[in-house]
């Protein structure tokens, strides 16, 4: 739905109730009612965040995608709180893709960067507070009393002296005609009714009963199922294929060439897949036939002498190295990773002459809408993007490749098309977490003080493809985040970035650059602690004199984990912390290592998080647990294997994810904080890999500098220890 | 025609007998709570009960399910102790794997009402969750097995 439709929807609703719209302007947010919207003309495109209906229902529109992080609950909580609504009357509805629902900070409707609460807290609070003041005013007029004699109470307005009551529903008509206050009084923290409480999630019932609609659950009458045969190697050509054999499969309607391969469209999913198998495509001329895990490892680690771009240069590293008494150097290597969302990529599209409907599990509504306009030639207002639940996102669903394919196939067949990727397609056609080789050098003086830190990163660029305008002086922030802003107080710091793009495409993967940089920084600082003969926790604290929030998460995680207490023989603890997406997280991992097999067992993880004020502590805890577990999966198991110019890994048989027997119990401690709101979807991930590697060192004396820490990698480290 | 008994109802489906039960359940009958995850029986998202046992519907030819009693997530009552425990513990995040997890857990408790920690892990280990809800799944199973006590 486009601005005009939103506007119509808005006016339709306000005929019977009260609705508050918010427009982001250059000077801040402007709040509007229906009457004001009508006067403002069509150039003005506010969104409708809340509607109060005569039956007391409060509808909150959520513009962010629900991929597990809880926004379908936490964002309505913010509105409900300022409105002082009765939580049981709250209903959430999913926003259409529309300019009206663009993120006020980004100017684009999308979900990512652990930013949903951070970007939406203020406009949603204002919308709720404005409606509350209007309802109060409406009641005061009705009773002919002063507003200050009235109070709101969970969906009702009460006249304090006489104890008269009116529900919000009874007041909507009167309130809808009032002027919207531009600076409504926001609640004080002590007045919050829902914010800060462990409110159960609104999507739980649907998810537990199997009725939550994911992208893969879309159906359109008369739709065809599509399956695409794709090249096994980057840039390979389709030399021949058996079109007739595919068309001979019962139920197959069409064999359609598409930019990404050869598509088979059929009545049923099994016919489409059988038809694809029958194609027996012959792919030749791989563009990079020699490309393999080994060739890439050689190339990445061969770039340490290549001159890069300085992302940070404090003091004089060279001079400090010349005078240091001890020099330490380490090289780290991290692999490409797949997102492996449990719901494989899919999209259902119906392109008609006069419009288009898209059912997509997407993190990128604005991008999907723009793509549909471009492909169909329709106007934005003719295109409806239905954002479904996302069976995992982690950045993968910011991409639009699967939507593009479904759009093109619906257009070329003239029918609605449901495209479902096989798991193998999903693993082999990802935009991967970049591979990374890092060399860090440091010097220590005679007292064990770190005098210089020189950090060189060899890494592909994500931004160069996705947001080229955000490249700064040739530097991709995703490659250097977490190092370029490293807080350890070292007088001389150099951070150098060598961009190296291979044929393997890269994209945003939960916590992005922090997913590799936390591992290198926090492993290396641990190595320095050993060199300085200091306890890893105390060593870190000593380097963070001016960073109280960082110190605090480390201290709390250590204290709750019993850092100084003895462990069972063979077990050891490791610690790491990282700042990302506005939040501080420290993890302590308790591990043991089977020295005969190299298998790491993580028994327990203790976490401390400072993310500023918390909207829903239960969701914060769940997200930290989630990030930690996904980070541990990457730390111990995940690696995309490359061979013969393409991706060799196929499915969960060879791209293994962490299973229940490997998942530790996780103990999360939220630090009460009045600092700026931080993100929560990603920050739990980065510090777990180094915490585990540091614990492995403590347990065995072996320093593992490569991820994943598979048994064979651990055995190799044990042999050199 | 294949005749299937799902959640107490009989369905007649015109489908070849080698088609995976998964596709019949979710794409033909639109009982979409049963999910497609990997197609090779390694993630458990497609788990249903066949004659009371947890089975991977992506590995079950529809022909072999004829004459058997099939239960999907939609057929497990809303007041089933496992579903209740899942809500109490607020297990799901993205939620995609959870119908499979719940069906797997329900079959465990039907077979052993008080499973040990080791038994829980052994029984649940074939079900992947990318959101990392494993600790909560374990708590929910303990809750369901002990009638509310963890």
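Only the coordinates and a few stated rules stand behind these numbers; no lab work does. Source: prediction; values computed, not measured. Cβ sites come from the backbone with ideal geometry, for glycine too, and all protein chains shown count toward neighbours.
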key: Residue in the range B:96-114 that is over 23 Å from residue A:201 (Cα atoms) and within 10 Å of chain A (Cβ to nearest Cβ) present   = no
Out of (1) assigned to a loop (DSSP other than H, G, I, E, B); (2) within 14 Å of another protein chain (Cβ to nearest Cβ), the one residue A:703 does not meet is (2)
The number of residues in the range B:115-132 that are without any contact (Cβ under 8 Å) to a residue 40 or more places away in the chain, within 9 Å of chain A (Cβ to nearest Cβ), buried (at least 20 other Cβ atoms within 10 Å of the Cβ) and within 19 Å of residue B:54 (Cα to Cα) is 3
Given (1) at positive phi; (2) surrounded by fewer than 21 Cβ atoms within 10 Å (Cβ to Cβ), residue A:512 misses just (2)
By residue number, the members of the range A:287-298 that are in a loop (DSSP other than H, G, I, E, B), surrounded by fewer than 21 Cβ atoms within 10 Å (Cβ to Cβ) and in contact with a strand residue (DSSP E or B) (Cβ under 7 Å, 6 or more places away or on another chain) are A:292
Heads up, the strands (runs of 3 or more DSSP E) in the range A:214-279 (entirely inside) with at least 2 residues that are surrounded by fewer than 20 Cβ atoms within 10 Å (Cβ to Cβ) are A:237-240, A:252-258
Original post:
In the range A:480-497, is there at least one residue being in contact with a strand residue (DSSP E or B) (Cβ under 9 Å, 6 or more places away or on another chain) and within 30 Å of residue A:289 (Cα to Cα)?
Top reply: yes
If we keep only residues of the range A:192-239 that are over 27 Å from the mean Cα position of the chain (by Cα) and within 11 Å of chain B (Cβ to nearest Cβ), then the residue farthest from residue A:274 (Cα to Cα) is A:219
**Message:** Is it the case, given these coordinates, that residue A:481 is away from chain B (no Cβ under 14 Å), surrounded by fewer than 19 Cβ atoms within 10 Å (Cβ to Cβ), closer than 21 Å to residue A:547 by Cβ and in contact (Cβ under 8 Å) with a residue 40 or more places away in the chain?
**Reply:** no
Across the range A:623-675, the tally of residues that are under 20 Å from residue B:121 (Cα atoms) and either assigned to a loop (DSSP other than H, G, I, E, B) or at the interface with another protein chain (Cβ under 10 Å from one of its Cβ atoms) (or both) stands at 22
In the set A:567, A:554, the lone residue that is without any contact (Cβ under 8 Å) to a residue 60 or more places away in the chain, part of a loop (DSSP other than H, G, I, E, B) and away from every other protein chain (no Cβ under 12 Å) is A:567
Of the residues in the range A:411-462, those that are in a loop (DSSP other than H, G, I, E, B) and within 27 Å of residue A:338 (Cβ to Cβ) come to A:421, A:422, A:429, A:430, A:431, A:434, A:435, A:460, A:461, A:462
